[in-house]
1. Return Val60, Val133, Val47 ranked ascending by Cβ neighbour count within 10 Å, so the fewest neighbours appear first.
2. Give me the extension gain from Val157 to Leu108: residue separation times 0.36 nm, minus the current Cα-Cα distance, reported in nm with one decimal.
3. How big is the stretch 44-220 by Rg and Dmax over its Cα atoms, in Å?
4. Take every Cα pair under 8 Å in the stretch 36-175 that's 6+ residues apart, average their separations, divide by the length, and report that relative contact order as a whole percent.
5. Where in the stretch 61-157 are there trypsin sites (Lys or Arg not before Pro) that are in a DSSP coil and have at most 12 other Cβ atoms within 10 angstrom of their Cβ?
Amino acid sequence: MQGEKGLKTEKKVLPLVIIMLLTAAATPMILGIPSVLAQTGEEIATVVVSQIYDVQEDQVNTTILVQINVTGAVGLQGYVMNLSWDPTMLRVTETSKQAGVRPLYPALGTTYYALSRGDFLNTTSSNFGVREVNNTLGTIWYLWQMRSSGGQVGKGVLVTINFTILRLGTTRIELSSPASNALAKDPNYDSTKSRLQNANDGTLIPHEEFDGVFSDQPPPVPPIWSQLWFLASVAIVAIVGLPTLVIVAYSKTHKPEKDKVDWDKYEEDEV
């Protein structure tokens, strides 16, 4: 009887223990806390384009600054990227020779555009340029910067672009990179992303990317599972609630049996 009771108890408690362990393991991922594996591995670089919301009617025909930032970079020597957007909403602002960059194409072009290198790779030994700016198509082709040697670590601004607002609406400012047969065999080559070059061996650095947004609409509301109060509630349940539930369940299945009165014994004594 005692063995059967113990077996039943284990069957009741075991699922709760499994749930507790799974929740405890998932909690760091839910909260964005790095796991042991993430801490021992390499940080993934991330490239982010500005996201601009709530643009108003009175901002039409004025300019905005769009930055392309990088975080988590290790040994970054340079980059190459393309950008594209809706040309009916935005155009790259034209500027003076002193304040802008003249594209390499067309070769005899005289127009300078408001593109400026950021502070991250901006050293005296870095080259910066662009092959083509096409406001008719809404594209920047082969925007690049390269240090002569050495790589940069950390985070900062790669490039700043000055756009003139033509009309209201919503458009993505998308990143990509020029096709390259020479890099096709590199496992980190992806034509839908910008290219980040490693200073150590010239290979491409794996990274994540987030395209930019220009919109006259308010920013989207974050999903409930990404909000801080919800994540805190999940953590409390995982850390406090489930262990408590297991303890209560275990205690209920291990109540000591009350002493039973042996009435047969009393009857024999009376006889």
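Every number in this text was worked out from the coordinates using simple rules, so none of it is lab data. Please read these numbers as outputs of a predicted model, since none were measured by experiment. For neighbour counting, all protein chains shown are included, and Cβ atoms are generated from backbone atoms with ideal geometry for every residue, glycine included.
1. Numbers: Val60 14, Val133 26, Val47 22.
Ranked by crowding around the Cβ, least crowded first: Val60, Val47, Val133.
2. On the way: separation 49, 0.36 × 49 = 17.64 nm, distance 3.02 nm.
Value of the extension gain: 14.6 nm.
3. In order Rg, Dmax, the Cα atoms of the stretch 44-220 give 16.0, 49 Å.
4. Details: 305 pairs, mean separation 52.3, N = 140.
Relative contact order of the stretch 36-175: 37 percent.
5. Details: sites: Arg91, Lys97, Arg117, Arg131, Arg147, Lys155; in loops: Lys97.
Listed in order of number, the matching sites are Lys97.
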